[in-house]
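What follows draws every value from the coordinates through simple rules; no lab data is involved. These numbers come from a predicted model, not from an experiment. Cβ sites come from the backbone with ideal geometry, for glycine too, and all protein chains shown count toward neighbours.
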Amino acid sequence: MILCEWKDFNSDLEAYTLDAFEESIGDEFHAMYVKEGEEIPSYIWTTNYVVMVKQNARIYQDLSFVKIPRNPVCE
């Protein structure tokens, strides 16, 4: 489901709030895609990026963000 309002989520190591996310990405939140039954979003849209949320699990569940330009300019 696509949410147009921020929903806080957590990994084992960190809590992600709107302010913390925007500061780490350096861009403004627009929407997020959360699969049914999941607590952590799969994708987050910002003004300039589509951010893939990757779950990394070894001993602790951790998250990483992969920024993909939303509107790349081709010359």
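Starting from the amide H of SER11, placed 1.01 Å from N in the peptide plane, find each other amide H under 5 Å away whose residue is 5 or more places distant or on another chain.
Placed amide hydrogens put TYR16 under 5 Å from SER11.
Suppose R0 equals 30 Å. What FRET efficiency, 1/(1 + (r/R0)^6) with r the Cβ-Cβ distance, do ARG58 and ASP8 give to the nearest 0.05?
Efficiency, from the Cβ-Cβ distance: 0.80.
Only helical DSSP H runs with n ≥ 4 go in: add -39500 (n - 2.57) per run for the chain, normalise by residue count and round the 222 nm mean residue ellipticity to 500 deg cm²/dmol.
Computed ellipticity for the chain at 222 nm equals -3000 deg cm²/dmol.
For P(r) over Cα pairs in 10 Å bins from 0, in percent, the choices are (i) 19, 54, 23, 5, 0; (ii) 13, 20, 24, 22, 13, 7, 2, 0; (iii) 15, 18, 14, 14, 12, 9, 8, 6, 4, 1; which was calculated from the structure?
(i)
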